[in-house]
Ligand code: SF4
Ligand code: SF4
């Protein structure tokens with residue numbers, strides 16, 4: 001019996017009349033026929049027809065933008081690795097200590113009590129990125145995002161150094177496992193793992209601080225099981241991202257990459273192919289003169305695919321702006337090199353907006369951009385106001401849960417409070433509490449003077465005693481001044497609870 005042709009759907013066996021009719025499952029071939037593989041929008045650039053990932057071997061870019069990016073990467077990497085060690089007034093440049101809920105930004109310590117300031121700082125950061133994206137596309141992704149900086153600026157460069165350019169990497173991948181291949185691949189992955197360990201530790205230093213990190217490294221491992229666990233976890237995650245996951249992190253995981261398409265419009269400056277100049281594309285023949293080429297309807301694009309070969313996300317920028325494009329500019333350099341060689345002006349692929357290419361319009365401030373800028377300005381103003389009106393000590397005074405009032409042996413009425421003081425400065429601050437709107441006494445439990453240690457939370461109980469004669473009708477609102485020496489730091493309002501009909505003071 002002759003074999004069935006591959007594209008024939010196998011016959012579905014007939015079922016008994018009583019069985020419910022189940023539509024036959026379409027086979028893979030039938031489903032795939034619905035995908036238009038000639039349309040880039042219909043499929044991912046890094047997946048084949050069976051949905052398997054296609055490993056990318058981007059060619060090493062060469063050109064002025066690549067050189068500039070190397071320098072920018074170098075500066076950013078230096079800041080990133082030195083960040084936890086850089087001190088401003090003794091504090092690190094940046095520390096996001098989620099465990100202790102303590103955050104340091106540019107040397108300024110923020111506590112959970114400063115959450116509004118911290119939240120507004122985050123909103124400023126996000127709005128800044130929104131404005132930047134609306135105006136300049138994904139410049140952040142290609143030039144400053146830690147994922148791209150580390151992937152293209154460190155791991156990819158190491159790969160070129162060890163395995164060579166793209167054609168050599170492809171050849172090595174196809175080659176049998178000889179001693180040379182084992183050495184190259186083993187060496188590369190050992191280096192990747194070591195680098196991932198360094199990056200993981202740097203991230204940990206941004207979370208727990210360098211002192212704690214060194215304690216984890218130098219103390220016996222049994223004393224820091226949790227810290228060591230995070231160290232190993234971060235190392236493996238970074239190794240997985242940079243050795244295997246790579247551009248897929250930008251395509252599938254990064255939320256910014258997902259919503260950037262909603263921020264761009266026809267006025268946004270992006271890495272763009274000048275289709276008016278480049279089309280109709282066609283191979284360059286030696287005998288072709290530029291004028292003859294133009295007369296035959298051909299544009300400047302010689303269809304050499306150099307721009308595709310260097311792309312670290314595997315896309316063809318000639319198809320237009322795509323979600324995978326991280327604006328790394330590698331294709332600009334590649335195309336400029338081709339234009340130089342064929343004697344055509346540079347800039348067939350360049351930073352430009354759609355309106356710039358189609359109508360020759362320069363970048364202009366659109367109402368949308370102006371709106372974003374106004375929001376950003378308002379947020380920055382609010383942030384500065386909150387920052388400069390922030391007190392050195394933040395106090396919380398709450399009535400002790402479950403306690404009402406007590407009549408003291410001296411006849412006074414007392415209320416018990418929980419007192420919490422956060423010292424946001426780097427010096428110890430002596431504190432006194434004074435009643436501002438009533439005679440009476442405040443006694444802090446267990447000590448004469450309160451000294452709040454630098455950058456610490458101080459928690460104690462306080463007893464407020466009032467004369468019954470000052471309590472007209474039960475509860476009384478109190479204002480308490482928090483002083484450092486004679487400086488009033490802040491005033492707190494609370495309620496003092498007393499009996500409705502206070503007993504008179506006993507006769508002396
Ligand atoms: S299309 Fe160009 S700018 Fe975009 S990711 Fe690819 S090489 Fe980079
Ligand atoms: S590098 Fe330039 S000339 Fe070559 S295919 Fe890309 S756009 Fe066309």
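Every read-out reported here was derived from the displayed coordinates using simple, explicitly stated rules and does not represent laboratory data. This one's a predicted model, so the numbers in the text were calculated from it and none came from an experiment. A quick note on method: Cβ atoms are made from the backbone with ideal geometry, for glycine too, and the neighbour counts reach across all protein chains shown.
Here are some notes:
- Rounded FRET efficiency, nearest 0.05, which uses the C-beta distance separating residue 48 from residue 346 and R0 of 35 Å: 0.55
- Mean separation of Cα contacts under 8 Å (6+ apart) over length of region 117-243, as relative contact order %: 23
- Here the simple spin-label model places points 7 Å from the Cα toward Cβ, and for residue 391 and residue 191 these points are separated by 5.7 nm.
- Here the contact order of region 284-387, divided by its residue count and restricted to Cα pairs under 8 Å and six or more residues apart, works out to 16 percent.
- Using alpha-carbon coordinates, inclination of helix 225-239 to the longest axis of the chain, degrees: 30
- Acute angle (nearest 10 degrees) that the helix 115-136 long axis makes with the longest principal axis of the chain, alpha-carbon atoms: 20
- Inter-part distance where region 267-322 and region 361-395 are each reduced to a Cα centre, Å: 42
- Exposure proxy ranking, count of Cβ atoms within 10 Å, fewest first, for 202, 391, 148: 391, 202, 148
- Panel order for 49, 184, 420, 34, by other beta carbons found within 10 Å of each beta carbon, from fewest to most: 34, 49, 420, 184.
- A Förster distance of 25 Å, applied to the separation of the beta-carbon atoms of residue 368 and residue 323, puts the FRET efficiency at 0.80.
- Packing-based exposure ordering (other Cβ within 10 Å, fewest first) of 405, 388, 496: 388, 405, 496
- Against the chain, whose longest principal axis comes from its Cα atoms, helix 330-342 is set at around 30 degrees.
- Calculated mean residue ellipticity, 222 nm, the chain: -11500 deg cm²/dmol, from DSSP H runs (n ≥ 4) at -39500 (n - 2.57) each, averaged per residue and rounded to 500.
- Relative contact order computed over the chain (Cα-Cα under 8 Å; 6+ residues apart), in percent: 13
- Here the peptides 301-308, 133-140, 104-111 are ranked by packing, the mean other Cβ count within 10 Å, and the order with the highest first is 133-140, 301-308, 104-111.
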